[in-house]
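None of the figures in this text is laboratory data; all of them are computed from the coordinates on show. The model shown is predicted, which means the values in this text are computed figures rather than measured ones. Here the Cβ positions follow ideal geometry from the backbone for every residue, glycine too, while neighbour counts run over all protein chains shown.
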Amino acid sequence: MSDNTLGAPPTSVARLRTDKAMAQVILDKLYQSLDEEEVVAGSFEEPDGRWLVSLHFRDAPNETAIRALVALAADAEIANTLSFETIAPADWVKASLEGLKPVEAGRFIVHGAHDRARIPLNRIGIEIEAALAFGTGHHGTTRGCLLALDALAKRGKRHNVLDVGAGTGVLAIAAARIWHASAQGSDIDPRAVIVARENARLNKVPAVEMIHATGVDAAWFRARGRYDLIFANILLWPLKRLARPIGQLTSSNGRVVLSGLLPEHANAAISAYRHAGLVLERRRLVDGWITLVLRRGS
């Protein structure tokens, strides 16, 4: 995938080094506060045991604002260690994925092209070219959804899957791979749709279809009937807004997997979906984020 396809590439990268626990705290704050369309964030363990927090921006960032966010998450001393530099346009995709290690979640291993040949034959490898879209599998919300999918797959096949806010398309691709099922994904960001389609092609899953859509009220969704499984890995407020239409799209024996939720937000999401006819089946905490599995109530 070329940078020209996705528009102007990022021009800046910001980095700092800290311990693992603080790296996660900083990333959680950044994911809550920054626009996912404008930045890719990640943390990687270095040989000396320290963790590198890396932010890759599509456009030149407001350095003062970024330091202030880090200071809120950690402290001013750590924020002052944040370094900014400009990267060449051609280096964007490589730089945004550099150092990303494969992520294991049950039977799934999410990896980049550089680890393609290292995936064991008894695991399900999902190759992701993240580019400007969110969802490399490294964040606790995506891992929580993959673990939920792995657990559901042990209890039977789902034939019709929907991923709302698909980002890179990793969840739709994973469902299509494990069940050889039809899977649809949607995203509000047209660039994410381009990325997800490319990832579906990389993973040889022609049954995965991606569209640009806001919400799930479009005729495109209704035309496909009800879904056996729906993912919505977003944030609390859009999840609450989508509760009723997602409930209407869920089959009588269907499941809904919600993530993008901090622990204190879980009960509000459960309440909204209970009013849409869905009840809690399982709650999972992964790296400080909650993933909920809901089922159609009686």
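Going by average Cβ neighbours within 10 Å, how do the peptides 26-33, 176-183, 117-124, 157-164 rank, with the highest at the top? Mind showing how you got there, number by number?
Numbers: 26-33: 17.8, 176-183: 20.9, 117-124: 10.8, 157-164: 22.5.
Highest mean packing first, the order is 157-164, 176-183, 26-33, 117-124.
How do 253-260, 269-276 rank on mean C-beta neighbours within 10 Å, highest first?
Working: 253-260: 24.6, 269-276: 17.9.
Highest to lowest by the protection proxy: 253-260, 269-276.
Where does region 103-296 land on the Kirkwood hydrodynamic radius, alpha-carbon pairs, in angstrom? List each step's numbers first, then the result.
Details: mean 1/r = 0.0616 Å⁻¹.
That comes to 16.2 Å for region 103-296.
What is the Cα centroid distance between region 237-272 and region 104-122, reported in whole angstrom?
30 Å
Short version: ³J(HN,Hα) in whole Hz for each residue of region 144-151, in order, from phi by Karplus 6.51 cos²θ - 1.76 cosθ + 1.60 (θ = phi - 60°), x for Gly and Pro, what are they?
Result, ordered by residue: x, 5, 5, 5, 5, 4, 4, 5 Hz.
Neighbour counts of other C-beta atoms within 10 Å: give me 209, 85, 63 arranged from fewest to most.
Working: 209 18, 85 9, 63 13.
Least to most surrounded, the residues fall as 85, 63, 209.
What is the set of long-range amide H partners of residue 277 at a cut-off below 5 Å, with H atoms built 1.01 Å from backbone N?
none
Taking θ as phi - 60°, what are the ³J(HN,Hα) couplings along region 252-264 by the Karplus curve (6.51, -1.76, 1.60), each to the nearest whole Hz, with x for Gly and Pro?
4, 10, x, 10, 10, 10, 10, 8, x, 10, 6, x, 6
Kindly put 295, 58 in sequence by how many other C-beta atoms sit within 10 Å of each C-beta, fewest to most.
On the way: 295 17, 58 21.
The order, fewest Cβ neighbours first, is 295, 58.
Would you pull out the residues with amide H under 5 Å of residue 213's amide H, same chain only if 5 or more places away, H placed 1.01 Å from N?
It is 187, 188, by chain and number.
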